[in-house]
Amino acid sequence: MSFSSLLLQQTINGLSLGAMYALLALGFTLIYGILELINFSHFNVFMVGSFIAMWTLQSFGLSGQSIILTGLPLVGVLLAAFAVTMLASGTLGVVIERVSLRPLRGITGPAAMITTIGVSYILFNIILVTVGADAKNFPNPLPPMRWHVDGAVLELREVLIWVVSLVLMAGLWLFVQKSRLGKAMRATAQDPEAARMMGVDVDRVIMTAFFLGSALAGAGGLIFGLYYNFTSFIIGFTAGLRAFTAAVLGGIGNVPGAMVGGILIGLIEAYGGQFIATEWADVIIFSILVLVLVFRPAGLFGRLAPSKS
Amino acid sequence: MPSVAAAVARPFAAIPEARRKQMGLLLLAAAALLFPLYHNNDADIDSMANAAAYASLALGLNIVVGFTGLLDLGYAAFFAIGAYVYGILSSFQLQPDWSSFWVPFQYLGLVAQMPGESSGFVVHFTLSFWLALPLAALVAAGCGIAFGAPTLRLKGDYLAIVTLGFGEIVPIVVRNWASLTNGAAGLNGVAAPQLFGHSFGVNATPYYYVAILLVGFLVFVSIRLRDSRIGRAWMAIREDEIAAGAMGVNRTRFKLLAFATGAAFAGATGVLYVAKLQTATPDMFGFPVSVMILVMIVFGGIGSVWGAVAGAFFLQLLQSWWLEDLTGWLNSLGRLVGSRWLAHIDLVPSIELIFGFILVFMMLYRRQGLIPAYRPPSALSFEQQHAVVQRGFGELNLPGLGGSARPGVTALGVRGVTVKFGGLVALNGVTLEVPEGAVVAVIGPNGSGKSTLFNVITGLVPADAGSIRFHDDEILGLHDYQILAKGIARTFQNIRLFPNLTVLQNVLVGQHARLRTGALSAVIRPPGTRREEREADAWAMEILAIFGNRLVPRAGQAVSGLSYANRRRTEIARALASRPRLLLLDEPTAGMNPAETLELAEQIKGLKGLGLTVLLIEHKLDVVTTLADTVYVLDHGDVIAKGTPAEVRRNEDVLRAYLGRNAQAAAAGEVGTEHVA
């Protein structure tokens with residue numbers, strides 16, 4: 001492969017990974033924007049989401065690579081899989097908030113963050129103990145359509161990943177900008193106390209943020225399965241750390257920033273893996289995290305929400 | 001349950017508390033030392049040795065998370081660094097060719113010559129275990145500083161994620177740097193420690209004793225540090241970073257010190273751990289280990305030394321003893337009742353699930369942990385609560401406060417200071433002078449820039465232009481802690497105390513810049529340090545006595561439980577404890593009732609009598625009138641008037657700023673004695 005086609009191939013790969021990280025980063029950013037909380041449970045909501053997606057697809061009789069769908073059945077199955085996964089993951093996020101975080105609202109210090117670490121650990125180990133440690137085959141219902149572009153290969157699933165991510169992100173953007181609840185959400189991110197006094201139901205806003213963030217993480221989990229053709233209890237940690245880096249890179253609390261940050265991290269991972277070495281990808285991404293935090297803590301595009309300290 | 005505990009405790013109640021603690025400690029030490037003798041089971045002793053190693057780690061993390069409030073999620077990285085320092089330098093991993101360079105090291109017993117695989121001789125590293133303990137601690141501490149220096153400036157929650165990343169990177173580096181570490185396969189043939197020519201071998205008992213001694217030593221170090229100037233600075237940072245800086249604590253330096261100390265604990269423990277296992281692989285130091293140590297201190301009590309030890313032992317033994325026992329019992333029960341599920345259940349793999357639940361439940365229902373770091377102080381007796389208020393100051397003589405004020409000499413000279421926040425000009429070329437020994441008041445409507453003026457003087461806010469001279473030095477551009485050391489101490493408009501610390505501890509933190517104790521002398525506690533601590537205590541009590549019997553009986557109480565007025569007094573006492581030459585009071589009487597206001601005004605007057613220079617922000621004009629020699633009036637960042645209280649009261653600009661153009665004429669005659677807020 002020539003350099004230019006390698007570059008093109010890695011761009012295709014990076015955009016797919018980036019779309020997944022962006023979906024995951026949005027959850028971090030939404031919740032941090034409102035609660036100033038790094039939600040570690042998000043790492044494994046994503047992982048659980050990928051299992052929910054796997055089980056949903058399996059419930060349609062799909063398994064491994066054996067059954068290929070086309071046309072309307074394919075669209076229907078995919079729509080159903082995304083809908084069920086996102087609904088279930090979103091509900092999981094809401095339950096986590098309601099049970100473990102709401103009682104800690106208003107308590108200063110690291111208590112809430114430690115709780116999210118605990119929740120994350122619980123999800124991680126529930127899947128480990130019940131499903132097992134080995135990686136599971138993720139059903140792939142897509143026909144093996146592929147196009148050759150300038151020496152690089154573009155597969156149908158990559159196009160699908162891009163389309164789905166774009167639709168979801170556009171939907172979120174419209175929701176945050178246009179809807180009444182979205183406006184309440186932005187107001188709460190600026191100043192929860194003032195928003196409450198203006199009649200915003202802050203509990204509902206926080207619940208919505210958790211639902212949306214977790215639903216997007218679930219979608220990310222499904223995309224992970226489609227992209228890598230497997231899922232495992234362990235996938236949340238690395239993907240979560242990368243997505244968090246993406247959120248920081250774009251300016252945590254900043255919704256469009258998280259999308260761009262996600263794409264950037266995906267491209268960095270793909271190019272780094274190709275041109276440097278795969279095993280150092282995390283070192284590179286982590287170094288970016290530290291450099292951004294130290295030299296430009298507001299991220300590339302700045303933060304929308306002011307500091308509440 | 002409390003009644004049972006009380007019944008058990010009753011016979012011991014007569015023994016004084018210090019004695020009781022001593023006896024408890026002695027019993028614990030005896031039990032720990034005798035354990036391998038009365039329980040001669042190698043596997044169990046091994047479990048105990050592991051538990052002790054984890055207790056050492058928990059003690060180190062407790063310094064970082066518990067004392068200093070820095071949430072470190074990658075602590076196991078330092079454990080790994082210590083382990084690999086010893087592992088590499090006492091195994092056959094590295095074998096450079098022999099040359100005369102190595103001869104001196106051979107005499108020191110650090111290396112040995114051995115025949116190489118192909119030809120000639122190569123070096124075999126034979127670092128002694130006992131040398132490796134301090135060496136690995138130093139290396140880990142150095143790594144802690146190198147990693148902490150750029151990142152410790154980050155806000156708390158960012159630090160958590162960065163340390164998480166660091167904890168992930170170190171095993172990756174270990175895995176990929178195979179020439180140094182043998183990669184994922186791990187180091188092999190790490191030498192067992194030797195003592196007086198006897199190798200420890202694979203028997204658990206000697207490791208157990210080393211581990212127990214290490215725990216004992218680290219408990220001692222932790223407690224000594226906690227109860228010293230160092231520990232107070234750490235806790236001040238944890239409680240309120242801004243107030244800690246304003247009270248003279250160099251935050252970066254003390255955070256780094258905490259990070260390095262915690263890392264050193266982990267480094268030394270790594271040596272012990274790898275010597276005991278005689279191997280080291282990258283997987284022994286991953287994220288689960290960092291989380292496990294965090295769970296231990298959360299369970300035992302964040303910030304509690306004995307809590308960390310108890311948490312570590314409990315969770316380790318839960319993992320290696322009790323879950324196995326429970327599994328065995330459930331399996332027998334299953335066979336007995338014919339339940340296949342029960343007969344084959346294995347609880348041991350669910351230990352991490354249990355850790356997750358412990359984290360969540362402790363945070364939700366018992367954040368202070370099993371052994372809380374702070375016991376609620378006993379309530380004041382009825383007599384103390386209802387004692388007649390003594391105002392203090394009568395017979396007080398506070399050498400070192402104020403001193404000889406030279407009239408006419410300028411203490412503080414603010415010249416043309418401008419501060420802008422984006423488009424807002426908070427201070428516009430403000431010029432202000434505070435003569436020695438005077439009380440100068442700054443008044444002005446809300447938002448006029450008074451608190452910004454204080455913030456720029458004390459180094460919390462940078463200035464865009466101007467100069468601030470204190471006696472003969474330019475202080476603009478100095479750090480907050482340096483300005484305190486120069487002799488300017490302040491209080492805050494919305495009270496920034498260290499809520500979980502006692503009144504006495506708060507006031508002791510105020511003396512931080514005047515005390516010299518370093519980390520080493522805090523641990524060794526030489527006579528000089530003991531004297532310094534005694535004098536610091538005495539000085540703190542003397543300062544508290546300024547407020548009569550308001551604070552003295554409450555010296556041992558956490559300030560979070562004090563009344564509003566007493567918290568204000570504590571904050572003033574904390575500022576005074578730093579022996580300032582200039583005291584900045586930001587609305588000291590806000591929220592006080594008229595009687596309390598009058599009392600405090602008298603006390604401030606008393607401080608002036610001692611020769612202390614005071615710069616005061618105050619809304620209550622009667623307070624200003626009684627106290628101030630000179631009044632500056634700020635409005636929208638400009639000084640609009642300056643003069644004696646009487647002059648200012650008649651100034652038309654002032655009346656307009658406070659009351660508006662129309663009300664000015666009507667109210668002109670009455671403003672003087674009213675509260676203008």
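Just so it is clear, none of the values below were taken in a lab; they were calculated from the coordinates. No experiment lies behind these values; they were computed from the predicted model shown. A quick note on method: Cβ atoms are made from the backbone with ideal geometry, for glycine too, and the neighbour counts reach across all protein chains shown.
Details
- Share, in percent, of DSSP beta bridges within chain B that are antiparallel, nearest 5: 65
- Once C-alpha pairs closer than 8 Å and six or more residues apart are averaged by separation and normalised to the residue number of chain B, the relative contact order reads 15 percent.
- Note on A:99-111: average number of Cβ atoms from other chains within 10 Å of each residue's Cβ is 3.
- Three-way shape call for region A:52-199 based on the alpha-carbon gyration tensor, with the a/c threshold at 1.5: oblate
- Sequence of A:Met47, B:Met114, B:Met284 once ranked by neighbouring C-beta atoms within 10 Å, starting from the fewest: B:Met114, B:Met284, A:Met47
- The count of lysine pairs in chain B that are at least 8 places apart or cross chains, and whose C-alpha atoms lie under 26 Å apart, stands at 18.
- Residue with peak Gaussian network fluctuation, chain A [Cα springs, cutoff 10 Å], from A:Ile52, A:Ile122, A:Ile96: A:Ile122
- Peptides B:292-299, B:45-52, A:68-75 ordered by average Cβ neighbours within 10 Å, highest first: B:292-299, B:45-52, A:68-75
- Simple Cβ-charge dipole of the protein assembly as shown, Lys/Arg +1 and Asp/Glu -1, about Cα centre, in debye nearest 20: 1300
- Annotation: amide H of B:Ala438 within the under-5 Å range of B:Val614, sequence separation 5 or more or interchain, hydrogens built in the peptide plane.
- Comparing A:Val294, A:Val45, A:Val94 in a Gaussian network model of chain A, where Cα atoms under 10 Å apart are tied by springs, the biggest mean-square fluctuation is seen for A:Val294.
- Region B:34-98 shape via C-alpha gyration tensor axes, a/c threshold 1.5: oblate
- In this simple spin-label approximation, A:Phe175 and B:Lys486 carry label points 7 Å from Cα along the Cα→Cβ vector, and these lie 5.3 nm apart.
- About its Cα centre, region A:22-234 has a charge dipole of approximately 400 debye under the convention of +1 per Lys or Arg Cβ and -1 per Asp or Glu Cβ, with nothing else charged.
- Share, in percent, of DSSP beta bridges within the protein assembly as shown that are antiparallel, nearest 5: 70
- Fewest-first ordering of B:Glu571, B:Glu652, B:Glu324, B:Glu241 by other beta carbons within 10 Å of each residue's beta carbon gives B:Glu652, B:Glu324, B:Glu241, B:Glu571.
- Inter-chain shielding of A:280-290 (mean C-beta neighbours from other protein chains, 10 Å cut-off): 4
- Annotation for A:Trp280 and B:Leu131: the two label points, set 7 Å from Cα along the Cα-Cβ direction, are 3.3 nm apart.
- Near B:Val111, the amide H atoms lying under 5 Å from its own belong to B:Gln106, B:Thr126; only residues 5 or more places off or on other chains count, and H is placed 1.01 Å from N.
- Footprinting exposure proxy ranking of B:Arg567, B:Arg534, fewest other C-beta atoms within 10 angstrom first, gives B:Arg534, B:Arg567.
- Whole-Å distance, taken between Cα centres, linking region B:598-634 and region A:101-147: 59
- Peptide B:292-298 has a mean of 2 when you count, residue by residue, the C-beta atoms of other protein chains within 10 Å of its C-beta.
- Overall form of region B:141-244: oblate. Here a/c, set by the Cα gyration tensor axes a ≥ b ≥ c, is 1.5 or more, and a/b is not larger than b/c.
- Averaging the sequence gap over all C-alpha pairs within less than 8 Å and six or more residues apart, then dividing by the number of residues, gives chain A a relative contact order of 37 percent.
- Sequence-separation-based contact order of region B:498-579, relative, with Cα cut under 8 Å and 6+ spacing, percent: 56
- C-alpha center-to-center spacing [region A:246-300, region B:229-267] in angstrom: 30
- Dipole moment magnitude, nearest 20 debye, region A:163-216 about Cα centre, only Lys, Arg, Asp, Glu C-beta charged: 200
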